[in-house]
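Derivation of every value follows stated rules applied to the coordinates shown; laboratory data play no part. The structure presented is a predicted model; accordingly, all values stated were derived computationally and were not measured. All Cβ positions, even for glycine, are placed from backbone atoms using ideal geometry, and neighbour counts span all protein chains on display.
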Amino acid sequence: MINQLNREYGIDGVLRFELGQGAIPQACITTEFAKAVVSLHGAQVLSYVPSGQQDILWVSHKSHFEEQTAIRGGIPICWPWFNAHPTDADKPSHGFARLMDWSVVSSELTDEGDVSICFALESSDESMRLWPYRFQLTCWVRVGRALRVELNTSNLSSDSMRISAALHSYFAISDPAKVRLYGLENTRFIDALSTKEFVESAPPVIDREIDRVYLEHTDDCLIADAGLKRTICVSKSNSHSVVVWNPWIDKSRRMRDFGNDEYKNMICVETVKIYDDIMEIEPGTHQSFSTTIRLV
Ligand code: TA6
């Protein structure tokens, strides 16, 4: 499989495929501006390292790398539902797209020196058992001075689809006490821990479990990290909501694929389509949203 992937989609000196952890195929990208790794399991970006920098993304040292199991970190694709299934608790949290093996459909070295890869997941007997719609999902990953991930849903069914989704990005940080999130001020948010609604009055401080859905938000979000002396900018298109999550101490201890102290080195700032921002896709049409990540 690896040899075939390299024959069909490899690009000398910039894109090659190899077996990663758990013998899962992954794309390894090297451009003059950045390096990146994308697993074919879930079409999940695992690493994005701009030249001269440490990895922008975070992956748990305790993550599983197994079939039908989510990789803990990078940019999981949560689709076709966010969080628990609305009516069936037996169905996987955050949907099934991140649990399945995707295919590669194209790769390109652009004129600007970026590498662009397109991954695809199509409905199957397995997916139909979980969600009775025919679809094609494509994920475009573009690596260069920025990392851009775009998820496109095509409705191949005869019925309209209602989809909640997320590009559930995990960012590497030095220390929660040295990080501030800017760009969320004066934004309405739902605190998932209390289900109460608030308006953000100041840049949120990460000093406890935080799980917030910021609504009607289209601005950039900045992760200013004084410890790493860098600011990560998270932009989005066709998404009007952001989720900010850090599990903190107790929840970290309850997750088997999350180190007890790893809450100190990550923050999720997720580009999402949930609540009043979900996707309604008519038969024969498609809809996409994207996140763009870069240092500023
Ligand atoms: O990102 C917010 C969230 O919904 C949290 O409530 C937490 O559950 C997190 O996603 C991780 O979910 P997971 O299913 O990947 O453990």
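Rank by packing, highest mean first: peptides 23-30, 265-272, with packing defined as the count of other Cβ atoms within 10 Å averaged across residues.
Working: 23-30: 19.2, 265-272: 23.0.
Listed from highest to lowest mean packing, they are 265-272, 23-30.
For the ranges 158-171, 276-289, 191-204, what's the packing order if you count other beta-carbon atoms within 10 Å of each residue, average per peptide, and put the highest first?
Result, highest mean first: 158-171, 276-289, 191-204.
About the Cα centre of the chain, what is the dipole size in debye to 20, counting +1 per Lys and Arg Cβ and -1 per Asp and Glu Cβ, all else neutral? Each step should come with its number before you reach the end.
On the way: 29 positive and 40 negative charges, 134 e Å.
Dipole magnitude for the chain comes out near 640 debye.
Given labels modelled 7 Å from the Cα in the Cβ direction, how far is it in nm from Asp88 to Glu66?
About 2.3 nm separates the two model spin labels.
Contour minus end-to-end for Asp257 and Met1, with contour as 0.36 nm per residue of separation and end-to-end as the Cα-Cα distance? Don't skip to the end; give the middle numbers.
On the way: separation 256, 0.36 × 256 = 92.16 nm, distance 2.80 nm.
Going from the current span to full extension adds 89.4 nm.
If you average 1/r over every pair of different alpha-carbon atoms in the chain and take one over that average, what Kirkwood value in Å do you get? Let's see the in-between values first.
On the way: mean 1/r = 0.0516 Å⁻¹.
When all Cα pairs of the chain are included, the Kirkwood radius is 19.4 Å.
Restricting to DSSP H runs of at least four residues, report the calculated mean residue ellipticity at 222 nm for the chain, -39500 (n - 2.57) per run over all residues, nearest 500 deg cm²/dmol. Before the final figure, lay out each step's value.
Working: 3 runs with 21 residues, N = 296.
Taking each H run of at least 4 residues, the total per residue is -2000 deg cm²/dmol.
Using the reciprocal of the averaged 1/r over all distinct C-alpha pairs, how large is the Kirkwood radius of the stretch 1-158 in Å?
Result for the stretch 1-158 stands at 16.2 Å.
For the pairs Lys196/Lys229; Lys229/Lys273; Lys62/Lys236; Lys196/Lys251; Lys91/Lys264, note any where the Cα-Cα span goes beyond 25 Å.
Numbers: Lys196/Lys229 34 Å; Lys229/Lys273 31 Å; Lys62/Lys236 29 Å; Lys196/Lys251 20 Å; Lys91/Lys264 30 Å.
Table pairs above 25 Å Cα-Cα are Lys196/Lys229; Lys229/Lys273; Lys62/Lys236; Lys91/Lys264.
Considering the chain as a Gaussian network with a 10 Å cut-off on Cα pairs, which listed residue, Val37, Val242, Val14, attains the greatest mean-square fluctuation?
Most flexible of the set in this elastic network: Val14.
Highest mean first, how do 60-67, 140-147 rank when packing is the count of other Cβ atoms within 10 Å averaged over residues? Write down the numbers at each step before the final one.
Values: 60-67: 15.2, 140-147: 21.2.
Per-residue Cβ counts within 10 Å, averaged per peptide and sorted highest first, yield 140-147, 60-67.
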